[in-house]
Amino acid sequence: MREDALLYNMGNRRVVVFRKEHFNAAHRLNNPRWSLAENKKIFGLCNNEHYHGHNYELIVQVTGEIDPDTGYLIDMKILSDLIKDEVLNKFDHKNLNLDVAAFENLNPTAENIAIVIYDLLRNKLKASLELKIRLYETERNFVEYPA
Ligand code: NI
């Protein structure tokens, strides 16, 4: 060991890592308990009967303590594969209302999509890791869950 080597103590240091992903999907915002006129009034263009699409940007944020053996909070390849399996393969180039079971009875707003993504990933991550989802529906409109 070099005599000027520094001994870092990495215990209890919390870090945040981010993985950015992207998917395209169609949706329609609609409340089946309301009339067409009411739906048009509340949801406007997003109520279009023949759906419309968004280029969603997804940022998955994981917080916790670094594993002293690897120096990683989480192996980013594992995180990337997890997002691919649990989210992108299910959502990308899909009609969220028709193709994703979670939205059969749930309006696919950005808020609800973020919560569904959170739930899909939460169970697959170690309990000691905190998870936060940021979902951009447009460049200017985005949501985070949990608040
Ligand atoms: Ni929309």
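The values are calculated or read from the model by the stated rules, or taken from the named source; none is laboratory data. A quick note: this is a predicted structure, and the numbers were derived from the prediction, not measured. FYI the Cβ positions are ideal-geometry reconstructions off the backbone, even for glycines, and counts take in every protein chain you see.
For the stretch 45-66, which positions are of a type outside the set (S, T, Y) and under 13 Å from V16 (Cα atoms)? Answer for the stretch 45-66, where residues must be of a type outside the set (S, T, Y) and under 13 Å from V16 (Cα atoms): I59, V60, Q61, V62, G64, E65, I66. Residues that are of a type in the set (D, E), within 16 Å of the ligand (Cβ to nearest atom) and part of a strand (DSSP E or B) within the stretch 31-68 comprise just one, E57.
Of all the numbered requirements in (1) polar (S, T, N, Q); (2) under 15 Å from Y56 (Cα atoms); (3) at pLDDT below 95, N123 misses one, and that requirement is (2). Whenever a residue of the stretch 23-52 is more than 17 Å from L106 (Cα to Cα), its partners that are more than 12 Å from the ligand (Cβ to nearest atom) and hydrophobic (A, V, I, L, M, F, W, C), lying with C-beta atoms within less than 9 angstrom and at least six residues away or across chains, give the pairs F23/L58; F23/V87; F23/L88; F23/F91; N24/F91; K41/W34. Here is a check on your reading of the model: is L6 within 16 Å of the ligand (Cβ to nearest atom), out of contact with any helix residue (DSSP H, G or I) (no Cβ under 9 Å at 6 or more places or on another chain) and either β-branched (V, I, T) or at pLDDT below 95 (or both)? No.
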